Amino acid sequence: MNDRAQSVAIPVDKILRKPRAQLKGRTVEPAAREAVLAVLGEAPRRADLLIEFLHKIQDAYGHLSAAHLAALAAEMNMAQTEVYEVATFYHHFDVVKEGETVPAALTVRVCDTLSCQMAGADKLLSRLREVLGGNANIRVIAAPCIGRCAEAPAVCVGHNAFGHATVENVSVAIQQEQVKAPPITNAVPQHINFASYRQSGGYQTWLDCLKGTRKVDDVIATMENSALRGLGGAGFPVGRKWKIVRAEAGPRLMAVNIDEGEPGTFKDRHYLERDPHRFLEGMLIAAWAVGIEDIYVYLRDEYHACRVMLEKELAALKANPPAKLPNIHLRRGAGAYICGEESAMIESIEGKRGMPRLRPPYVAQVGLFGRPTLEHNMETLFWVREILEKGADWFAGHGRHGRKGLRSFSVSGRVKKPGVHLAPAGITVKELIAEYCGGMVDGHEFYAYLPGGASGGILPASMGDIPLDFDTLQPHGCFIGSAAVVILSNKDKARDAALNLMKFFEDESCGQCTPCRVGTEKAVKLLEQSKWNMGLLEELSQAMVDASICGLGQAAPNPIRCMVKHFPHEIG
């Protein structure tokens, strides 16, 4: 008989393994566990709070050590690999492996995305590294858009974000951080607080809804007739979305997107800083109309001052509510552009890596925690109260060139008055520059523009008479998205802008799908060449459009294709 065929007696104890006393992985150090317990306090150890807990540990210690991650995993009864992969996914978490050097106590982030690069961010970054390079307690790094494009160049010193940055005011901000002085530069503008909002009739429209003075069907019909569409970029009709989610079986949830990571976009921050309760009332009205009891508000980590203010105003609302409130949960992003995509945001709220989901099912059917979810951009909800009070015709009555409604344009670049400009939907970029932005900066001539942020494409000034709205730009290979308009002049090159945008996409790709992960990297290398390989770039672009899971990879080739179509004279 063949030796291999002979039966071999195996001891029973080799077959039946004893259950592990603890999860496999790094041994938990008692000191690290005590530190984690002190930071977490009495908070419930739920998996969806993982990112919140990582923030707490990083805020306390300035980084996430291997010992702390192991202790956190044990405390939450999670695999260490699961905690580690979430911590390393987000830009704002500094994970320190065994034997690695702990990062500097203070980080200065210099935005190097398009508007800031046009305003001299590269020189500022280089100069700050020269001035601060000898200080072991400070590190200076390049960072993606921080939502202050109108004040370019912009920086974050710790959590203190501000624009019009110079070596001098960055040095002042560093001193404030080091002595723990209250930061001056990131204070939000004078905003309407809870008491003032209530005194001026705030929350009355929501109360009318609760009392039955306003009927659900009438409210939804008003939203439909107003022509209000989702202002986060997708442009889905608001009233129709409410109907769809309301028709799903409960319990239903709501997720509010204030991640606003699209380069050139800062309108949500603008409105939130000034009138937070108008947004909150719109949110409560939507929750009432759709039948929602739990609301999750996802706010990007770069908006630290906004979060401090919003926490304060939510506390005031909860302490003296005009009526019974739904459960409102404020969640903190951690630096990931991809989390602006609705399903990636939902994954992040659940405490996971922010990776987009495959569709179907759509989040309206299977969203947050597997429940039907109403997902909205913050500015969309900001307009709900005013539309209900003034009527659908008031909102729809605005518009130019056959379009309906109002649009909040985040304008940056070579104009005299950058900022958020509320203008009629359908206004052209030439009209926007002349009527709202004070014209071009002296000595600059209008050359090109981005109608919808990094992913919305690039158009020449000769095409500046196209109405800016949903559905008007697609025939030209562009879209309006979140209405982030970046203006280039004759002193800029569209080619340089395209490369800057592609580098941003490369850094921000979540890595889930190969076409986007590899495609953006390859595209950057091709765009860096003095002469572009047009055939290979088009082949690569088509593969990304056809096979990427979400809008990041699908829209990333837009700047390339716009260059080929509209700026062939710049291509070597």
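Taking segment 113-144 as the range and being assigned to a helix (DSSP H, G or I) and over 26 Å from the mean Cα position of the chain (by Cα) as the test, the residues that pass are Lys123, Ser126, Arg127, Leu128, Arg129, Glu130, Val131, Leu132. The C-beta contact set for segment 276-292 (first residue on the phi > 0 side of the Ramachandran plot, second residue open to solvent by less than 10 Å² (accessible area, probe 1.4 Å), distance under 9 angstrom, 6+ apart or interchain) comprises Gly291/Val245.
The one condition from (1) assigned to a helix (DSSP H, G or I); (2) on the phi > 0 side of the Ramachandran plot that Gly351 does not meet is (1). Taking the criterion of being of a type outside the set (Gly, Ala, Ser) and in contact with a Lys or Arg (Cβ under 7 Å, 6 or more places away or on another chain), the residues of segment 52-99 that qualify are Glu52, His55, Glu75, Met76, Gln80, Glu85, Val86, Phe89. Looking only at segment 225-253, residues that are within 23 Å of Arg331 (Cα to Cα) and in a strand (DSSP E or B) come to 2 in all. Here Tyr197 clears all of (1) out of contact with any His (no Cβ under 6 Å at 6 or more places or on another chain); (2) over 13 Å from Ala286 (Cα atoms) except the condition numbered (1).
Criterion first (under 30 Å from Ser115 (Cα atoms), without any contact (Cβ under 8 Å) to a residue 60 or more places away in the chain and crowded, with 24+ Cβ neighbours inside 10 Å) does Val441 satisfy it? No. Here His191 clears all of (1) part of a helix (DSSP H, G or I); (2) in contact with a Pro (Cβ under 7 Å, 6 or more places away or on another chain); (3) closer than 27 Å to Phe266 by Cβ except the condition numbered (1). Is it the case that Asn169 is out of contact with any helix residue (DSSP H, G or I) (no Cβ under 9 Å at 6 or more places or on another chain) and over 30 Å from Lys390 (Cα atoms)? When the stated conditions are applied, Asn169 passes them. Would you call Val95 surrounded by 22 or more Cβ atoms within 10 Å (Cβ to Cβ) and β-branched (Val, Ile, Thr)? When the stated conditions are applied, Val95 does not pass them. Only one entry in Thr88, Thr107, Thr101, Thr81 is of a type in the set (Ser, Thr, Tyr) and under 18 Å from His304 (Cβ atoms), namely Thr107. Kindly check whether there is at least one residue in segment 331-352 that is among the β-branched types (Val, Ile, Thr) and more than 14 Å from the chain's Cα centre (by Cα). No, segment 331-352 contains no residue that is among the β-branched types (Val, Ile, Thr) and more than 14 Å from the chain's Cα centre (by Cα).
Kindly provide the set of residues from segment 168-222 that are at pLDDT 95 or above, surrounded by 14 or more Cβ atoms within 10 Å (Cβ to Cβ) and of a type in the set (D, E, K, R), ordered by number. Listed by number, the residues that qualify are Arg198, Asp208, Arg214. The residues in segment 105-125 that are within 30 Å of Tyr61 (Cβ to Cβ) and open to solvent by 30 Å² or more (accessible area, probe 1.4 Å) can be counted, and the count is 3.
When Val411, Val420 are screened for being open to solvent by less than 10 Å² (accessible area, probe 1.4 Å) and of a type in the set (Val, Ile, Thr), only Val411 passes.
Rundown of residues vs (1) modelled with pLDDT of 95 or more; (2) part of a helix (DSSP H, G or I); (3) among the basic types (Lys, Arg), yes/no style:
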| residue | (1), (2), (3) |
| --- | --- |
| Lys404 | yes, no, yes |
| His421 | yes, no, no |
| Gly426 | yes, no, no |
| Ala434 | yes, yes, no |
| Tyr447 | yes, no, no |
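Can you name every residue in segment 126-137 that is of a type outside the set (Asp, Glu), farther than 29 Å from Leu450 by Cβ and open to solvent by 30 Å² or more (accessible area, probe 1.4 Å)? Those that are of a type outside the set (Asp, Glu), farther than 29 Å from Leu450 by Cβ and open to solvent by 30 Å² or more (accessible area, probe 1.4 Å): Val131, Gly133, Gly134, Asn135, Ala136, Asn137. Only residues that are crowded, with 22+ Cβ neighbours inside 10 Å and not small (Gly, Ala, Ser) were counted in segment 230-241, giving 3.
The values are calculated or read from the model by the stated rules, or taken from the named source; none is laboratory data. Everything quoted here is computed from the prediction, not taken from an experiment. No Cβ is skipped: glycine too gets one built from the backbone with ideal geometry, and neighbour counts run over all protein chains shown. Ligands, DNA and RNA are excluded from the accessible area calculation, which covers all protein heavy atoms including side chains. Shrake-Rupley method; radii C 1.70, N 1.55, O 1.52, S 1.80 Å.
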